[in-house]
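Here is the structure we will look at.
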Amino acid sequence: MSAPSPETTTTSDGARASLEALRTEIAKAVVGQDPAVTGLVVALLCRGHVLLEGVPGVAKTLLVRALAASLQLDTKRVQFTPDLMPGDITGSLVYDTRTAEFSFQPGPVFTNLLLADEINRTPPKTQSSLLEAMEERQVTVDGTPRPLPEPFLVAATQNPVEYEGTYPLPEAQLDRFLLKLIVPLPSRQDEISVLTRHADGFNPRDLQAAGVRPVAGPADLEAARDAVARTAVSPEIAGYVVDICRATRESPSLTLGASPRGATALLSAARAWAWLTGRDYVIPDDVKALALPTLRHRIQLRPEAEMEGVTADSLITAILSHVPVPR
């Protein structure tokens, strides 16, 4: 692989520094969710989408809003409810009485960062309206494809499926999410910090007053994506990714293993993580670091395995410990 030019190196390093500054900027609004911030940045670098799961009240929505504000990205929010219709998301044709013609009115999906809040509170019919947008980066209405802005990312939040009033996401849609990030309850010290901020006047609805400022933009993101695309992947690493995903398909504890799309997603996420950590090549530790968020939503446990206490994360961890690591 040819060495990058000095100009390219400068652009790449500057983009990395800008994206690393996101942690500090988002921390002005959100306390103690660094892994989720990193996952969102990885998804942006891979042109992927993110599913954020956690109980209500752990700042999932605030996290996405702070990310958009720090990146100078246009963002729209859709609150998913049982009566939401597909046209409420994608847009629809509206009759104009002045011209006696139908015109297309874009829906909230026409943005850079779509916050799909509580996506599993709406029926599968409406959930599936996002499939074309997530995969093809376009929306087709009345037979006419309409491209979405670039960059485009769906950050969907969901409550744990055990919660009342939730609908499980279809497998086909789950597979379109690059990562599933678990947003946990804060530690005791982090929760004290949250309360102290609120006591001092912090308003989560006013990020500007909280001091959140743009530290990167679409140009930095594009330069970073170009650098990630140049990150080297050896045949051994590619084989390691395939072996991990094939092991999920052969596990007796699963009814559904990771698809080839899952293998592609794991490799893409590992390349982005390698670049963020300052390397221009992927090592096995990069693959291990992204295996859980990339694969946990792409596998399905057998009921008897769940009864024995097996979880998606514990199973993937066990597979990582058994699949031979390339040297």
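The values are calculated or read from the model by the stated rules, or taken from the named source; none is laboratory data. The shown structure was predicted, so the numbers you read here are calculated from the model rather than taken from an experiment. Cβ: placed from backbone, ideal geometry, glycine included. Neighbour counts: every protein chain shown. Areas reflect the complete protein model, heavy atoms only, side chains present, ligands, DNA and RNA absent. Shrake-Rupley method; radii C 1.70, N 1.55, O 1.52, S 1.80 Å.
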Part-to-part distance (alpha-carbon centres) for the stretch 130-189 and the stretch 44-89, which is given in Å:
8 Å
Calculate for the chain the 222 nm mean residue ellipticity that helices alone would give, adding -39,500 (n - 2.57) per DSSP H run of length 4 or more and normalising by residue count, nearest 500 deg cm²/dmol.
-13500 deg cm²/dmol
Could you report the accessible area of R230 in Å², rounded to 10, computed with a 1.4 Å probe on the protein chains as they sit in the structure?
90 Å²
Candidate lysines - alpha carbon under 27 Å from K28, same-chain residues fewer than 8 apart omitted
K60, K76, K180
For L256, list long-range residues whose amide hydrogen, built 1.01 Å from N in the peptide plane, is under 5 Å from its own amide hydrogen.
Q300
Give the whole-number value, in cubic angstrom per residue, of the convex hull volume spanned by the C-alpha atoms of the stretch 1-131.
186 Å³
Grab the other residues whose beta carbon is less than 10 angstrom from that of T231, score K and R as +1, D and E as -1, and report the net.
+1
Sorting M307, M85 by accessible area (1.4 Å probe), largest first, what list results?
M307, M85
At most 16 other Cβ atoms within 10 Å and a DSSP loop assignment: could you name the trypsin sites (Lys or Arg not before Pro) in the stretch 168-214 that fit?
R205
Exposure rank, largest accessible area first [E132, E250, E191; 1.4 Å]
E250, E191, E132
A convex hull over the alpha carbons of the stretch 76-186 yields, per residue, a volume in Å³ of 120 Å³
Calculated from backbone phi, Karplus (6.51, -1.76, 1.60) coupling profile of the stretch 213-223 in Hz, x at Gly/Pro
10, x, 10, 8, x, x, 5, 5, 5, 5, 5
What order do H198, H322 take when sorted by accessible area (1.4 Å probe), most exposed first?
H322, H198
Packing rank of 60-67, 168-175, where each peptide gets the mean count of other beta carbons within 10 Å, highest leading:
60-67, 168-175
Can you work out the Karplus-derived ³J(HN,Hα) for every residue in the stretch 136-147? Use 6.51 cos²θ - 1.76 cosθ + 1.60 with θ = phi - 60°, whole Hz, and x for glycine or proline.
9, 6, 7, 10, 9, 10, 6, x, 10, x, 10, x
With a/c under 1.5 counting as rounded, go ahead and sort the stretch 171-327 into rounded, prolate or oblate using the C-alpha gyration tensor (a ≥ b ≥ c being the square roots of the eigenvalues; past the cut-off, prolate if a/b is larger than b/c, else oblate).
oblate
Among K125, K288, K76, which one shows the biggest mean-square fluctuation in a GNM of the chain, springs joining Cα atoms closer than 10 Å?
K125
Long-range amide H partners of R146, meaning residues 5 or more apart or on another chain whose placed amide H is closer than 5 Å, are V139, T140, V141
Can you tell me what share of the DSSP beta bridges in the chain is antiparallel? A percent to the nearest 5 is fine.
40 percent
With a 1.4 angstrom probe the carbon and sulfur portion of accessible area for the chain, in percent, totals 54 percent
